[in-house]
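The values are calculated or read from the model by the stated rules, or taken from the named source; none is laboratory data. Everything numeric in this text was worked out from a predicted model, so none of it was measured. Here the Cβ positions follow ideal geometry from the backbone for every residue, glycine too, while neighbour counts run over all protein chains shown. SASA here: full protein model, heavy atoms, side chains in, ligands and nucleic acids out. Shrake-Rupley method; radii C 1.70, N 1.55, O 1.52, S 1.80 Å.
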Amino acid sequence: MGSLINKHVLLGVTGGIAAYKSADLVRRLRDAGAEVRVIMTRSATEFITPLTLQAVSGHPVHQHFLDTSAEAGMGHIELARWADAVLVAPASANFLARLAQGRADDLLSAVCLATEARVAVTPAMNQQMWNNAATQSNLATIKKNAIRIFGPAAGSQACGEVGPGRMLEPVELVTLASELFATGELDGLTVLVTAGPTWEAIDPVRGLTNRSSGKMGYAVAEAAAESGARVILVSGPTSLPDPERVRTLRVESAQEMYDTVHQHAAAADIFIGVAAVADYRPVRAADRKIKKTEETMALELERNPDILASVTALRPAPFTVGFAAETENIEPQARRKLENKNLDLVAANRVGADIGFAADENSLLLVEREGVIELPTQPKTKLARALIHHIAARYRAKNATKVHRLRRP
Ligand code: PMT
């Protein structure tokens, strides 16, 4: 099952009596860990006030298309990009008709057209309107366009009739919304991920480390778990909480990371090294705090083991993905790592004072023997999902080839 933790959910509210349930829905989505923004159509505001949804979502409600002040803030394209999922609840018969036609004449319909996020609609209407051939034909078109349809439930309706057309309850919608993120692409596989920096002790209070926050690696671990994998995350010191449904093992030094990785690598189907591992460590760590005595001080360093190279040397080796943090010549450097460490894929990123490390956004160049693919700048959570989607496809292709080779006489 997927999770809504840290997901950006854009809730579209259209005109219908079930709009009164939207406030409860926003609250429950937030309780499940989602960040929620709301778009209301004009007719939705006849049933519930924007102020109510602003209060429960904690953000101003978006209502107008091509309003200069709104477009200067978070316009329709920004909203479409911001969303991990768009959920329209309630979705009126009129809105479904407009969605089926691909109209873009109000904010909500334009965002539904412009987004790459998962879109789901929750129909709510009178049972005759639901059963009408025009509505059913619109629903068939919407389904064909990969939009999910949640419900409706059957029962007594606000108009006094009985039949299908009741909006699902918020509690059911939260479960269905979280399932939007469960892709199943890595079902049954074990994925081992490293993340964060390492800490190489100089003395009990000082050490060598780097600026990795762990955000990229944790996002990769979460995305793999969402895709159905059993995930083990070996993390250097970070201030991030353990990701949901991920077995997180905390370590400090590169040597500890190496040892912990090798306790699990033989059973892993996929290994993804996102950690910024120190290449060198002090030859000796002092037992006590080093005192300030001399004007200068030399620190003798020795090489740490290369975790990634040691995993690809296993027989059989898991499908192995390395990261490359580069300040220049990204593609040639990444290709050199691909060959030298015998990797299946290198995810290369530019790093600098304000990019790569610690930031919430990143971009990646996926370097493989077959070529190069660019994943543009986006939140690390989204980028991680795109990376996992790519890895799942490559893993399947590689293993299909292996099976094919085994079968040949
Ligand atoms: O944690 P964040 O703040 O979100 O930042 C993310 C990130 C910038 C750290 C991440 O996207 C990234 O680029 N990680 C790799 C950083 C790095 O150490 O790159 P490298 O080029 O030095 O190492 C190449 C690969 O070898 C990496 O997969 C690394 O995990 C691995 N390695 C390196 C040294 C070593 N001794 N053992 C290793 O396994």
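Against the numbered list (1) on the phi > 0 side of the Ramachandran plot; (2) in contact with a strand residue (DSSP E or B) (Cβ under 6 Å, 6 or more places away or on another chain); (3) not aliphatic (A, V, I, L, M), Ser57 comes up short only at (1). The condition (being more than 24 Å from the chain's Cα centre (by Cα) and either farther than 17 Å from Thr190 by Cβ or in the same structural domain as Ala393 (by TED's automatic domain parsing) (or both)) is satisfied by just one residue among Thr238, Thr260: Thr260. Taken over segment 210-227, residues that are open to solvent by 30 Å² or more (accessible area, probe 1.4 Å) and more than 8 Å from the ligand (Cβ to nearest atom) amount to 1. Considering segment 347-369, and only residues there that are open to solvent by less than 50 Å² (accessible area, probe 1.4 Å), aliphatic (A, V, I, L, M) and over 19 Å from the mean Cα position of the chain (by Cα), the residue that is modelled with the highest pLDDT turns out to be Val367. Go through segment 290-318 and give me each residue that's under 16 Å from Leu208 (Cβ atoms) and open to solvent by 60 Å² or more (accessible area, probe 1.4 Å). Of everything in segment 290-318, those that are under 16 Å from Leu208 (Cβ atoms) and open to solvent by 60 Å² or more (accessible area, probe 1.4 Å) turn out to be Met297, Ala298, Leu299, Glu300, Leu301, Glu302, Arg303.
Flag not set for Ser137, criterion: open to solvent by 40 Å² or more (accessible area, probe 1.4 Å), at pLDDT below 95 and out of contact with any Lys or Arg (no Cβ under 9 Å at 6 or more places or on another chain).
For (1) modelled with pLDDT under 95; (2) assigned by TED's automatic domain parsing to the domain that holds Arg350; (3) of a type in the set (Gly, Ala, Ser), each residue gets a yes or a no:
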position	(1), (2), (3)
Leu208	no, yes, no
Arg211	yes, yes, no
Arg230	no, yes, no
Ala267	no, yes, yes
Ala275	no, yes, yes
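Of all residues in segment 281-307, those satisfying the criterion of being within 22 Å of Pro197 (Cβ to Cβ) and over 40 Å from the mean Cα position of the chain (by Cα) are Arg284, Ala286, Lys289, Ile290, Leu299, Glu300. Could you tell me whether segment 319-330 includes any residue that is touching a strand residue (DSSP E or B) at 6+ places or on another chain (Cβ under 7 Å), at pLDDT 95 or above and more than 11 Å from the ligand (Cβ to nearest atom)? Looking for residues that are touching a strand residue (DSSP E or B) at 6+ places or on another chain (Cβ under 7 Å), at pLDDT 95 or above and more than 11 Å from the ligand (Cβ to nearest atom), one finds at least one in segment 319-330, hence yes.
Picking from residues in segment 148-159 that are touching a helix residue (DSSP H, G or I) at 6+ places or on another chain (Cβ under 7 Å) and assigned to a loop (DSSP other than H, G, I, E, B), the one that is least open to solvent (accessible area, probe 1.4 Å) is Phe150. Set side by side, the residues Ala140, Ala177 differ, and just one is in a helix (DSSP H, G or I) and more than 29 Å from Arg28 (Cα to Cα), which is Ala140. Taken over segment 344-369, residues that are in a loop (DSSP other than H, G, I, E, B) and either under 19 Å from Ala224 (Cα atoms) or more than 10 Å from the ligand (Cβ to nearest atom) (or both) amount to 5. On the basis of being open to solvent by 50 Å² or more (accessible area, probe 1.4 Å), more than 15 Å from Ser22 (Cβ to Cβ), of a type in the set (Lys, Arg) and under 22 Å from the mean Cα position of the chain (by Cα), does Arg118 make the cut? Against the criterion (open to solvent by 50 Å² or more (accessible area, probe 1.4 Å), more than 15 Å from Ser22 (Cβ to Cβ), of a type in the set (Lys, Arg) and under 22 Å from the mean Cα position of the chain (by Cα)), Arg118 qualifies. So, restricting to helices (runs of 4 or more DSSP H) that lie completely within segment 1-113, which ones have at least 1 residues that are at pLDDT below 95 and in the same structural domain as Asn138 (by TED's automatic domain parsing)? In segment 1-113, 68-72, 76-82 are the helices (runs of 4 or more DSSP H) which contain 1 or more residues that are at pLDDT below 95 and in the same structural domain as Asn138 (by TED's automatic domain parsing).
Quick check, is Val191 more than 17 Å from the chain's Cα centre (by Cα), crowded, with 22+ Cβ neighbours inside 10 Å and within 15 Å of the ligand (Cβ to nearest atom)? Before you say what the answer is, go through the steps one by one.
Values: more than 17 Å from the chain's Cα centre (by Cα): no; crowded, with 22+ Cβ neighbours inside 10 Å: yes; within 15 Å of the ligand (Cβ to nearest atom): yes.
Answer is no for this residue.
Among the residues of segment 303-317, those that are within 13 Å of the ligand (Cβ to nearest atom) and either modelled with pLDDT under 95 or in a loop (DSSP other than H, G, I, E, B) (or both) comprise Asn304, Pro305, Asp306, Ala313. For the residues Gln263, Gln255, the requirement of being over 25 Å from Ala229 (Cβ atoms) and open to solvent by 20 Å² or more (accessible area, probe 1.4 Å) singles out Gln255.
The residues of segment 160-184 that are buried (at least 20 other Cβ atoms within 10 Å of the Cβ), within 17 Å of Met125 (Cβ to Cβ) and not aliphatic (A, V, I, L, M), listed by number, are Gly165, Arg166.
Exactly one residue out of Ala223, Ala278, Ala266 is touching a His at 6+ places or on another chain (Cβ under 9 Å) and of a type outside the set (Val, Ile, Thr): that is Ala223.
Applying a threshold of 7 Å to beta carbon distances and a minimum spacing of six or more residues, or different chains, the list of pairs starting in segment 33-55 at a residue that is closer than 23 Å to Asp84 by Cβ and ending at one that is of a type in the set (Ser, Thr, Tyr) and open to solvent by less than 10 Å² (accessible area, probe 1.4 Å) reads Val36/Ser57; Arg37/Ser57; Val38/Ser57; Thr41/Thr14; Ala44/Thr14; Leu53/Ser22.
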